[in-house]
Amino acid sequence: MYAIIGAGPMGLCSARQLQKHGIPFIGFELNGDVGGLWDIDNPHSTMYDSAHLISSKRTTEFTEFPMDAEVAPYPHHSEMRRYFRDYAKHFDLYRHFRFNTRVLHLERQEKGWKLVSETDGQRREDHFDGILIANGTLHTPNRPALPGQFDGEVLHSADYRSPALFDGKRVLLVGCGNSACDIAVDAVHRAASVDLSVRRGYYFLPKFILGRPTDTFGGAVKLPRRLKQLVDGLLVRALVGKPSQYGLPDPDYRLYESHPVMNSLVLHHLGHGDIKARPDIARIEGRSVTFSDGRQAEYDLILQATGYKLDYPFIERAELNWPERAGAPQLYLNIFHPEYDDLFMMGMVEASGLGWQGRAEQAELVALYIRQLKTGSPAARSFQQLKRERAGLRLDGGYQYLELERMAYYVHKDSYRATIAQHSAELRKDLTTRSQPMAAQNLA
């Protein structure tokens, strides 16, 4: 019996793949329903009212469960919640989960794991052959210390829900990722003023090109990495211009070496003066903020859109092969522990265009490995040795990703999916070969 921690998208597709391969499991979910952060009514969700999917539905959906035709190309979070609930119902996954249950602690045993959980104040201990950790990467806010004492209100984007928060306030947003830009656009319509403090350059991509979602272009012709960066960079420049034309710093790195921002509305509002670009914060005194360029302004609210930290509070860091100075656990394919064959990190991966299907492929590889390992197949033994040798190896496709904590588990989509597919094919082939003699025996 295996345990899956989390019933968000990753937990659900992990459950689906174990189900397909006949591997018994129990899921644990802190909320009362599936969907993870996509359920805005989940007390632990970091979703906000205006949030939509950043990637388009066709590049994001599960292949075996497409989104309805009437769903918009970039669905609202409420549509995504419905999608994951429909997925769980369609594949009969609900009955496998214990809801309103917090996993308190995982403890390695001589064989397998002890899992301590709590439901309605009642603690329970269970023993499992293995653990699939799928509790997500966007639930513990990164709240860097501000340089000084601010007398106004300080929040994180995780605390943000409705633009009513900004009514009549002088707002400073810190950060320029996708959430920061979404929230800045929200604030424009309610705040007295909106400033955006940006420390480094970003690439901005429009969500649509010629009426089609941007991420549906490309792929038909495979270009060498440098040529793709050059061609796509020139296209972005032609479509939206340079960030410096809007008062923002230009990137000092090539396209795709950090996660791009899928938002052109923020540039629209910067160009109209609705949002003012500011550099990094130098110091804060009372409600006065001094920026690195020496200019000052006063604010009522500082909202930090500074991302999230990986956090697995129910297991010791050492169990995850996670050195103190590393931004993420050192695992093969961001999944497999070099030594343990009964602990899998699910969904600790980011890549432009990976989508939920890419994560489902992760889960299928894990299910195939578990299944084949039990039979002692040569393919499983070969993979067992390989994951020891390649723990922490980064499938970056040759891209020089920025040395940022949030990029520590970033991969190149095509390289990653191709490697997953190769390993799955090897395990699946061995499974087919080994099942043939058994079938012949049954016929005899």
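The values are calculated or read from the model by the stated rules, or taken from the named source; none is laboratory data. Since the structure is predicted, the reported quantities are computational estimates derived from the model, not experimental observations. Backbone-built Cβ (ideal geometry, glycine too); neighbour counts: all protein chains shown. Heads up: the accessible areas ignore ligands, DNA and RNA and are worked out on the full protein's heavy atoms, side chains in. Shrake-Rupley method; radii C 1.70, N 1.55, O 1.52, S 1.80 Å.
From Glu125, Glu153, Glu110, Glu118, grab the single residue that is in contact (Cβ under 8 Å) with a residue 40 or more places away in the chain and of a type outside the set (A, V, I, L, M, F, W, C).
Glu153
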**Report entry** Criterion (at pLDDT below 95, in contact with a Gly (Cβ under 7 Å, 6 or more places away or on another chain) and of a type outside the set (Lys, Arg)) met by exactly one of Asp414, Asp396
**Finding:** Asp414
**Report entry** Members of the range 104-121 found to be of a type in the set (Ser, Thr, Tyr) and surrounded by fewer than 16 Cβ atoms within 10 Å (Cβ to Cβ), listed by number
**Finding:** Thr119
Query - Selection count, the range 143-158, where residues are buried (at least 18 other Cβ atoms within 10 Å of the Cβ) and either in contact with a Ser or Thr (Cβ under 8 Å, 6 or more places away or on another chain) or among the basic types (Lys, Arg) (or both) - result: 3
Report summary line: Selection from the range 268-290 of residues exposed (fewer than 14 other Cβ atoms within 10 Å of the Cβ) and in contact with a helix residue (DSSP H, G or I) (Cβ under 8 Å, 6 or more places away or on another chain) yields Gly271
Report summary line: Those residues of the range 159-174 which are open to solvent by less than 20 Å² (accessible area, probe 1.4 Å) and touching a helix residue (DSSP H, G or I) at 6+ places or on another chain (Cβ under 9 Å) amount to Tyr160, Phe166, Val171, Leu173
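May I ask you to list the residues in the range 352-382 that are assigned to a helix (DSSP H, G or I) and more than 26 Å from the chain's Cα centre (by Cα)? Walk me through it before giving the result.
Applying the first criterion (assigned to a helix (DSSP H, G or I)) to the range 352-382 yields 355-375, 378-382.
Across the range 352-382, the qualifying residues are Arg371, Gln372, Leu373, Lys374, Thr375, Pro378, Ala379, Ala380, Arg381, Ser382.
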Report summary line: Tyr401 passes all but one of the listed conditions (1) in contact with a strand residue (DSSP E or B) (Cβ under 8 Å, 6 or more places away or on another chain); (2) of a type in the set (Ser, Thr, Tyr); (3) modelled with pLDDT of 95 or more; the exception is number (3)
Query raised in the report: Out of Leu196, Leu227, which single residue is in a strand (DSSP E or B) and either over 22 Å from the mean Cα position of the chain (by Cα) or of a type in the set (Gly, Ala, Ser) (or both)?
Result: Leu196
Report task. Consider Ala391 carefully, then state whether it is within 24 Å of Lys57 (Cβ to Cβ) and either at pLDDT below 95 or open to solvent by less than 20 Å² (accessible area, probe 1.4 Å) (or both). Result -> no
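Report those strands (runs of 3 or more DSSP E) wholly inside the range 268-318 carrying at least 1 residues which are among the acidic types (Asp, Glu) and modelled with pLDDT of 95 or more.
Hits in the range 268-318: 281-286, 296-298.
Could we say that Ala184 is without any contact (Cβ under 8 Å) to a residue 40 or more places away in the chain and in a helix (DSSP H, G or I) here?
no
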Requested in this report: Could you tell me which of the residues Thr101, Thr59 is open to solvent by less than 50 Å² (accessible area, probe 1.4 Å) and in contact with a Pro (Cβ under 9 Å, 6 or more places away or on another chain)?
Outcome: Thr59
Report task. With respect to Glu298, determine if the residue is open to solvent by 30 Å² or more (accessible area, probe 1.4 Å) and touching a residue at least 24 places away in the same chain (Cβ under 8 Å). Result -> yes
Query raised in the report: Could you say which residue among Gly177, Gly211 is open to solvent by less than 70 Å² (accessible area, probe 1.4 Å) and farther than 24 Å from Asp293 by Cα?
Result: Gly211
Requested in this report: Working only within the range 347-389, note down all residues that are farther than 22 Å from Tyr74 by Cβ and of a type in the set (Ser, Thr, Tyr).
Outcome: Tyr369, Thr375, Ser377, Ser382
Query - Residue among Val154, Val221 that is modelled with pLDDT of 95 or more and β-branched (Val, Ile, Thr) - result: Val154
Query - Long-range neighbours under 7 Å by Cβ, at least six apart or interchain, first residue within 29 Å of Arg108 (Cα to Cα) and open to solvent by less than 10 Å² (accessible area, probe 1.4 Å) within the range 341-361, second of a type in the set (Ser, Thr, Tyr) and assigned to a helix (DSSP H, G or I) - result: Met346/Ser14
Report task. Any chance you could count how many residues in the range 18-59 are assigned to a helix (DSSP H, G or I) and more than 26 Å from His105 (Cβ to Cβ)? Result -> 6
Requested in this report: Kindly indicate the residue of the range 230-267 that is β-branched (Val, Ile, Thr) and part of a helix (DSSP H, G or I) and also least open to solvent (accessible area, probe 1.4 Å) among those meeting that condition.
Outcome: Val266
